[in-house]
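*Asks:* Would you mind keeping the following structure in view while I ask a few things?
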Amino acid sequence: MVVTSRKYVFDFDSTLTRVEALDVLAEMTLKNNPKRHEILNEIQNITNLGIDGDISFTESLERRIKLLNAKKEDLDLLIAELRKKISKSIEENKDFFSEYAEDIYVISCGFKEFIDPIVAEYNIPAERVYANNFKFDEAGNIVGFDETNVLSSHNGKIECLRNLDLDGEVQVIGDGYSDYVMREAGIADKFFAYTENVHREKAATNADYVTPNLNEFLFVNDLPRKISYPKNRIKILLLENVHADALENLSNEGFSVELIKHSLPEEELIEKIKGIHVLGIRSKTQVTEKVLDAADKLLAVGAFCIGTTQIALEAAQKKGVVVFNAPYSNTRSVVELAIGEIIMLMRNVFTRSSEIHEGKWFKTALNSSEVRGKNLGIVGYGNIGKQLSVLAEAIGMRVYYYDVSDQLALGNATKCSRLEDLLSISDVVTLHIDDNPANKNFIGERELNQMKDGAMLINLSRGFVVDIPALVTALKSKKLGGAAVDVYPEEPRSNGEFYTELKGLENVILTPHVGGSTQEAQRDIADFVPNKIMDYINSGNTVDAVNFPNIRLPKQENKHRFLHIHKNVPGIMAKINDCLAKYDLNISGQYLSTSPEVGYVITDVDKDYNKEVTQALKNIENTIKFRVLY
């Protein structure tokens with residue numbers, strides 16, 4: 001049988017609106033009642049019993065109305081409140097209700113008095129709204145409901161829909177028992193459990209489709225919608241116990257998010273990443289070329305940290321996978337730890353603390369100095385180095401810095417043109433250099449010997465930038481007076497046993513890569529990285545991407561946006577525009593940025609166009625990825 005048409009039957013409460021209207025009415029009318037909370041809880045309990053089919057709807061309605069203590073004049077206030085509580089995805093897809101107005105019905109066990117004014121704004125006329133009616137006494141009090149209305153009885157929706165005798169395929173969208181029984185009774189063809197506002201297990205279990213929002217419903221039915229691809233279909237995998245705020249931020253945006261508390265070895269990640277659109281990691285997860293080869297749907301990787309050496313950036317770029325990190329979010333945390341360690345090393349606090357933990361009392365000023373007036377040498381004058389420079393100067397230190405790039409001094413800091421100049425003058429040297437592989441053993445035996453006798457070394461940057469055996473020798477020989485190390489050439493994937501040659505040495509502070517691990521930093525990262533990911537998924541923006549051409553795009557206004565990622569070879573732009581011209585597309589904006597390996601073209605076009613153009617754009621030689629956003 002060929003279906004020639006469809007009819008869409010919507011529930012009202014908790015579907016078109018985010019709330020149960022009678023519950024909202026109760027909150028308003030019982031505002032000054034001393035037993036308000038007790039009565040509200042009872043009304044909500046009765047509501048749920050009726051929705052799940054545990055008591056008859058008639059009983060549910062009678063019991064709730066008796067508890068409401070509502071008047072006709074309260075309904076105007078209720079309507080005003082309900083207008084503010086339209087379901088988010090319903091509100092953003094108003095065009096669907098206009099375009100398919102003649103095929104949309106509302107069948108609700110609620111009341112026409114408040115439903116009609118709400119749905120009229122969505123082009124649904126009163127004659128296609130089927131609901132109960134209140135009874136009022138002469139004083140305007142709500143005293144009951146029209147018991148002759150079929151919808152006031154148990155399973156009344158079945159009878160109502162049967163009486164309508166609608167042509168074509170009938171699809172019901174709702175959240176409760178009274179909705180799915182229409183399909184069970186054989187008078188509706190499909191039931192969509194609408195879970196955007198409330199997830200009722202009975203409804204979900206009995207559904208043909210569980211639809212977390214209207215966009216999913218419209219996508220399944222290939223109907224016009226606000227966004228091209230429902231966000232609930234975009235799967236995000238977060239590893240290494242990233243901050244809970246990241247999970248909340250991404251989930252609230254509508255994405256399907258899974259959180260795993262630890263990193264995954266390569267073979268496990270290869271299996272897990274299949275079907276994943278976005279991967280979120282910290283420093284331990286290795287996103288290798290093999291992992292990227294297995295990632296059949298991957299769009300982006302979010303590194304919830306500063307470093308990105310754990311990601312095969314070139315391979316990701318060639319596959320059109322955009323990588324974001326958090327270069328600034330934990331700056332303050334690292335700087336504060338550096339300041340604390342400078343003071344502890346200069347005062348020999350760690351040695352004295354270890355002694356007293358062992359029951360020894362050794363009160364002395366030996367090897368204990370103020371930091372005021374001492375020389376601090378900062379190697380790497382980026383975000384962390386600059387902020388450390390300001391704070392160190394504020395506590396009375398003289399600041400010197402060295403950087404391979406030309407960096408403007410802050411405050412009274414002095415630039416050193418050679419590393420050895422900085423090393424020879426500094427009482428404390430602190431490292432804040434990047435993860436370039438060329439920086440391996442940046443500080444080795446030669447550099448340690450260039451430092452002042454008794455100077456201190458702090459490494460809060462990368463484990464491989466310091467030659468650890470050479471550092472051990474310098475500490476044991478007393479060439480250095482102490483060190484603080486937070487990062488190591490090899491670090492375990494998870495908490496447990498760990499060994500370093502620095503263990504047990506005097507005046508050496510060892511921490512397990514916690515420089516940026518504060519609650520504040522993790523919250524900032526959990527906000528920054530998801531925002532970058534969401535901006536890319538939702539609009540195509542690549543600002544601050546580590547491995548991709550950076551494009552800041554204007555807001556998309558009533559247009560469709562084509563995102564075309566391709567190998568950076570001559571002639572691609574011409575082929576894209578030839579294709580658009582062939583299909584007579586009206587271009588309202590076009591943006592291009594390239595790197596040596598890839599090109600990224602964004603084209604905004606009018607909403608009406610021949611959809612065959614999208615396949616033609618995908619088929620252009622050297623295309624890596626293509627997406628449509630609207």
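*Asks:* Does LEU164 qualify as being assigned by TED's automatic domain parsing to the domain that holds ASP103, touching a residue at least 24 places away in the same chain (Cβ under 8 Å), of a type outside the set (S, T, N, Q) and crowded, with 19+ Cβ neighbours inside 10 Å?
*Replies:* no
*Asks:* Quick check, is ALA80 aliphatic (A, V, I, L, M), loosely packed, with under 14 Cβ neighbours inside 10 Å and out of contact with any strand residue (DSSP E or B) (no Cβ under 9 Å at 6 or more places or on another chain)?
*Replies:* yes
*Asks:* Can you tell me which of (1) in the same structural domain as ILE86 (by TED's automatic domain parsing); (2) in contact with a strand residue (DSSP E or B) (Cβ under 9 Å, 6 or more places away or on another chain); (3) small (Gly, Ala, Ser) is the one GLY186 doesn't meet?
*Replies:* (2)
*Asks:* Sticking with this structure for a sec: Just wondering, is there one or more residues in segment 600-622 that are closer than 19 Å to VAL301 by Cα and either of a type outside the set (A, V, I, L, M, F, W, C) or free of Cβ contacts under 8 Å to residues at least 24 places away in the same chain (or both)?
*Replies:* Yes, that holds for at least one residue.
*Asks:* Could you list, in sequence order, the residues of segment 298-330 that are of a type in the set (S, T, N, Q) and either in the same structural domain as VAL429 (by TED's automatic domain parsing) or within 20 Å of the chain's Cα centre (by Cα) (or both)?
*Replies:* Matches in segment 298-330: THR308, ASN325, SER329, ASN330.
*Asks:* Quick check on this structure: which one of ALA131, ALA126 is under 30 Å from ASN69 (Cα atoms) and under 40 Å from the mean Cα position of the chain (by Cα)?
*Replies:* ALA131
*Asks:* With a cut-off of at least 1 residues that are without any contact (Cβ under 8 Å) to a residue 12 or more places away in the chain, small (Gly, Ala, Ser) and not assigned by TED's automatic domain parsing to the domain that holds GLU253, name the helices (runs of 4 or more DSSP H) lying wholly within segment 50-107.
*Replies:* So the answer is 74-83.
*Asks:* Residues that are over 27 Å from GLY186 (Cβ atoms): find the strands (runs of 3 or more DSSP E) completely inside segment 119-173 holding 1 or more of those.
*Replies:* 134-136, 142-145
*Asks:* Please go through segment 224-237 and give me each residue that is in a loop (DSSP other than H, G, I, E, B) and among the charged types (D, E, K, R), ordered by number.
*Replies:* Residues satisfying the conditions are ARG225, LYS226.
*Asks:* Contact list please: Cβ distance under 6 Å, first residue in segment 230-255 and touching a residue at least 24 places away in the same chain (Cβ under 8 Å) and under 20 Å from SER87 (Cβ atoms), second residue in a helix (DSSP H, G or I) and among the β-branched types (Val, Ile, Thr), pairs at least six apart or on different chains.
*Replies:* From segment 230-255, no pairs qualify.
*Asks:* Looking at ASN531, ASN547, ASN495, ASN538, which one is out of contact with any Phe, Trp or Tyr (no Cβ under 6 Å at 6 or more places or on another chain) and under 30 Å from LYS611 (Cβ atoms)?
*Replies:* The unique qualifying residue is ASN538.
*Asks:* Take the conditions in the same structural domain as ILE276 (by TED's automatic domain parsing) and either under 24 Å from ILE533 (Cα atoms) or surrounded by fewer than 22 Cβ atoms within 10 Å (Cβ to Cβ) (or both) and apply them to GLU196. Does it pass?
*Replies:* No: the conditions fail for GLU196.
*Asks:* Ok, one more. What single numbered condition from (1) touching a residue at least 12 places away in the same chain (Cβ under 8 Å); (2) in the same structural domain as ASN375 (by TED's automatic domain parsing); (3) not β-branched (Val, Ile, Thr) fails to hold for GLY340?
*Replies:* (1)
The values are calculated or read from the model by the stated rules, or taken from the named source; none is laboratory data. Everything numeric in this text was worked out from a predicted model, so none of it was measured. All Cβ positions, glycine included, derive from the backbone under ideal geometry; neighbour counts span all protein chains shown.
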